[in-house]
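Trainee: If you scroll down you'll find the structure; I have some questions about it.
The values are calculated or read from the model by the stated rules, or taken from the named source; none is laboratory data. Computed from a prediction, not measured in an experiment: that's the story for all the values here. Glycine gets a Cβ as well: all are built from the backbone with ideal geometry, and neighbour counts include every protein chain shown.
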């Protein structure tokens, strides 16, 4: 992409690794104008991260990427623990490398380069995201102006080519100025962005010594070479991670002398010698080494994830640790998965900028727990086994077993719970959270007893339910796709019961009312960002429920595509394993409930079917609402278009398509003193504009510096 002297973007991402590309996927999906700059010439080709946790697969699947990556990856189904014995090595145990029931996905491995390729392919399908390879930032400036208008670009970044130097034949390319509303630093452990902001990561180097890494195709008689293994032997400690296409990754604990030899000569043979010694009496060789390196990583956390809610840091730029647990790439992508939908919602005018502060409050605790977990994992791997080798009753790996179990739940992202705040309600078992809105004493709270196994702030786990219209089984998470949309799930219970059916119908009437908050949020053009989609999962016998008897909000109709058959599901059995257990597994009370799920699949609110006031109060604190729809006739009325000379008069400006068939654009500006409405032709040649007889719609394109007012 050829950039001009000064180009403007909604978001600039520095770094095209997994964290940066996950942010780009969100912004591509939601149509936000974005620039990625990366100092490398191309994506990663070999080496670096390779572990994918269950939660990361769920996230990738929400963008339609999960299945292709899942099929290409290597699933690490088993984990084996080995230790020294009198004859060399002994297998102590083989156990599942996952905790059943947490996710339909399991831990798998695939090279970082292949994961980046999938993410890049997604981004390239969207014209709103551009990538500048071989480009580095040289300066960063932030305006002190606190203006919050759509046309304000407070961040200036100078960039230049990273691989061209001036010589006698070639002139250096000039630096270019980029202006942006928001910037995300995903530029690694030595983050340029973090340093420019004067921020530091606190921590120190690990005391676990040096480790070598080799990706190769092994030739060996070691029996568990295609299983994940942790080997603690007299010759040293070793981790074996099977990869795709017969590759295997080895993490090898090495001495300072071996580390120095490798650094001096880039000598993989030094690592191979240690590896062979650890695996004795088994033989080991290779004819293909794809990648090798050594590392001594520090455990560090930067306590500031954002500056002025304009510049954000993610991934290794704010937390670094050892790669032994395979968490780095996963937590990094989960950082920007948390951030991406919030930026999109603010930039598209459907949410207030205050939601951006929740990025730090939600993700910093995750980083701190990651560092603590990595410390425990490294300690267990590097420590000597407890108990005598001959003592079969002693569990030499008790601590390691517990740590591996934690890795497959909390540390993997499956068990992450965001605390109460602006985007997560408190529960009726907790102290009320003070509201930012001073008109209220406390925020609405959830009622977790109505869904005992759904955790407010946690991700909504997937259960298999049957589509009401065709009995097809669906994983519920497959309906919670990442589009920027919120999801309101009504657990209607047995709707063949007259009383229960009436409760559901009353709820849907309130939700469907034209003045309902649900109908006054989001974008009026039908874009999903910031809107709320309503679903129902009932527990009545599916064959006793008629689809066309359901409330209209649960079967939306489109003149071109007909009814939406994907909003209503039954918790019934149909011969499919796992069907008919959703209510039981979620712990849904007999009277049912409603569950509000955020765009990132985390639960924000649980309430009774009558708790619409609490639901609306929660959403109104951060979602931008449009005025209550009204019909106004201005036949023959004349409006003048006034340009604000000294600032912006309208606090919100919007437009939509005129419904009178006159090819006009409906414009509505909401001034601080009240609402002013006008209908403007699509092409205006004069300040004096004749209105047509039409009702009003809204849209977000109208210039915020213009104000419609009646002509004198």
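Residues are listed down the side, and each one gets a yes or a no for (1) under 22 Å from residue 95 (Cβ atoms); (2) assigned by TED's automatic domain parsing to the domain that holds residue 49; (3) in contact with a helix residue (DSSP H, G or I) (Cβ under 9 Å, 6 or more places away or on another chain):
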residue: 217; (1), (2), (3): no, no, no
residue: 232; (1), (2), (3): yes, no, yes
residue: 247; (1), (2), (3): no, no, no
residue: 262; (1), (2), (3): no, no, yes
residue: 266; (1), (2), (3): no, no, no
residue: 281; (1), (2), (3): no, no, no
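Trainee: Still on this structure: List every residue pair whose Cβ atoms lie under 7 Å apart, where the two residues are 6 or more positions apart in sequence or sit on different chains, the first residue falls within region 401-415 and is under 15 Å from residue 375 (Cα atoms), and the second residue, located anywhere, is modelled with pLDDT under 70.
Mentor: Every condition considered, the pairs that remain are 407/325; 411/325.
Trainee: Being surrounded by 20 or more Cβ atoms within 10 Å (Cβ to Cβ), assigned to a strand (DSSP E or B), modelled with pLDDT under 95 and under 19 Å from the mean Cα position of the chain (by Cα), is that true of even one residue in region 37-51?
Mentor: Yes, region 37-51 contains a residue that is surrounded by 20 or more Cβ atoms within 10 Å (Cβ to Cβ), assigned to a strand (DSSP E or B), modelled with pLDDT under 95 and under 19 Å from the mean Cα position of the chain (by Cα).
Trainee: Looking at this structure, is residue 174 surrounded by 16 or more Cβ atoms within 10 Å (Cβ to Cβ) and either in a strand (DSSP E or B) or not assigned by TED's automatic domain parsing to the domain that holds residue 398 (or both)?
Mentor: no
Trainee: Also, I was wondering about something else. Just one of 570, 533 is in contact (Cβ under 8 Å) with a residue 60 or more places away in the chain and buried (at least 20 other Cβ atoms within 10 Å of the Cβ); which is it?
Mentor: Among 570, 533, only 570 is in contact (Cβ under 8 Å) with a residue 60 or more places away in the chain and buried (at least 20 other Cβ atoms within 10 Å of the Cβ).
Trainee: Which of the numbered conditions does residue 465 fail, given that it passes all the others? Conditions: (1) under 25 Å from residue 554 (Cα atoms); (2) modelled with pLDDT under 95.
Mentor: (2)
Trainee: Touching a strand residue (DSSP E or B) at 6+ places or on another chain (Cβ under 8 Å) and not assigned by TED's automatic domain parsing to the domain that holds residue 229: which single residue out of 63, 57, 122 fits that description?
Mentor: 57
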